[in-house]
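Every read-out reported here was derived from the displayed coordinates using simple, explicitly stated rules and does not represent laboratory data. Because the structure is predicted, anything quoted here is derived from the model rather than measured. Every residue, glycine as well, gets a Cβ built from its backbone with ideal geometry; the counts of neighbours run over all protein chains shown.
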Amino acid sequence: MSIQNIGQLAINVKDLARAKRFYQDMLGLKHLFDAGPHMSFFDCGGVRLLLEPARDPQFDHPSSIIYFRVADIDASCRAMTAKGLRFERKPELIAPMPDHDLWMAFFRDPENNLLALMSEVSRT
């Protein structure tokens, strides 16, 4: 057995309609389908994101931080800010690597889940 990749991530939400608008309109993710009244699925570069309210109190907590890869972090932040998104941390250099620099910017979805944009910028 070997793990091939991540197939799906679940994101806890309180207001599914509001979360759907954010992930589709603000982040520009493709809506795949809804399963019943409490689950909505989006595509993020081949990884499926499931938005759903926690069905059990033990799962009712913020999601892990999801880092969305973008080619141009400054342009992406400008476009998202123009749509009304407020970044908690603007693009900043996180780590200079041997052949590229790792940049990140952090924001929250309407459900208060912390998310980030990340960009690996070549130095050449």
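If you restrict to DSSP beta bridges whose two residues both lie in the chain, what percentage is antiparallel, to the nearest 5?
Details: 24 of 33 bridges.
Expressed as a percentage, antiparallel bridges in the chain total about 75.
Given the rule -39500 (n - 2.57) for each run of at least 4 DSSP H residues, summed and divided by the residues of the chain, what is its mean residue ellipticity at 222 nm, to the nearest 500 deg cm²/dmol?
On the way: 2 runs with 16 residues, N = 124.
So the helix-based figure for the chain works out to -3500 deg cm²/dmol.
Just need the relative contact order of the stretch 8-122 here, percent rounded to a whole number, with Cα pairs under 8 Å and 6+ apart. Please list the in-between numbers first.
Details: 214 pairs, mean separation 28.9, N = 115.
Value for the stretch 8-122: 25 percent.
Quick one: net charge of Val121's neighbours, Cβ under 9 Å, K/R +1, D/E -1?
Numbers: positive: Arg123; negative: Asp72, Asp101, Glu120.
Overall, the nearby charge balance is -2.
Under 5 Å between amide hydrogens, which residues at least 5 positions from Phe68 or on another chain qualify, with H placed 1.01 Å from N in the peptide plane?
Ala116, Leu117, Met118
Step by step: find N for the chain, compute 2.2 N^0.38 Å, then divide the Cα radius of gyration by it. What's the final number?
On the way: Rg = 15.6 Å, N = 124, 2.2 N^0.38 = 13.7 Å.
Output field value: 1.13.
Add +1 for every Lys or Arg and -1 for every Asp or Glu among the other residues with Cβ under 12 Å from the Cβ of Phe33, and state the total. Please report the intermediate quantities before stating the final value.
Numbers: positive: Lys20, Lys30, Arg48; negative: Asp34, Asp43.
Counting the neighbours of Phe33, the net charge comes to +1.
Rounded if a/c is under 1.5, else prolate if a/b beats b/c, else oblate: with a ≥ b ≥ c from the C-alpha gyration tensor eigenvalues square-rooted, which is the stretch 15-65?
Details: a/c = 1.71, a/b = 1.49, b/c = 1.15.
Note, shape of the stretch 15-65 comes out prolate.
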